[in-house]
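Here the structure comes first, spelled out in structure tokens, and everything after it is commentary.
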């Protein structure tokens, strides 16, 4: 009941989005650090593929890659505007995913209570 594909996908999504939030925070914190290369977290394609095949996505882990974007003179390639937009997008996706999980468990609670 708790390991169906939808619930598993939501749990993987929360994990991936949390990893992305951490990477974004690190990128923003290092916006002026010489030689720092921005980090990007990817998991959506693997998650989508697993769900499309009807497989459990629980084995999917987010992958962190170094951005290949051009650097400034100091070797840093963090774009503060892009990171800020990514932060907003990721936060909204995280909140939506948490609401979906909460809604699923609310239905289960109501069913157990007999409401």
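The values are calculated or read from the model by the stated rules, or taken from the named source; none is laboratory data. Keep in mind the model is a prediction, meaning the values are calculated, not measured. Glycine gets a Cβ as well: all are built from the backbone with ideal geometry, and neighbour counts include every protein chain shown.
Answer yes if at least one residue in the stretch 60-77 is at pLDDT 95 or above, out of contact with any strand residue (DSSP E or B) (no Cβ under 9 Å at 6 or more places or on another chain) and assigned to a helix (DSSP H, G or I), and no otherwise. Scanning the stretch 60-77 turns up no residue that is at pLDDT 95 or above, out of contact with any strand residue (DSSP E or B) (no Cβ under 9 Å at 6 or more places or on another chain) and assigned to a helix (DSSP H, G or I). Of all residues in the stretch 28-58, those satisfying the criterion of being more than 14 Å from residue 15 (Cα to Cα) and within 19 Å of the chain's Cα centre (by Cα) are 28, 29, 38, 39, 40, 45, 48, 49, 50, 51, 52, 56. I'd like the residue in the stretch 65-92 that is loosely packed, with under 15 Cβ neighbours inside 10 Å and in contact (Cβ under 8 Å) with a residue 40 or more places away in the chain and, out of all such residues, is farthest from residue 32 (Cα to Cα). Top of the filtered list is 91. Within the set 12, 41, 31, the sole residue that is modelled with pLDDT of 95 or more, in contact with a helix residue (DSSP H, G or I) (Cβ under 8 Å, 6 or more places away or on another chain) and assigned to a loop (DSSP other than H, G, I, E, B) turns out to be 31.
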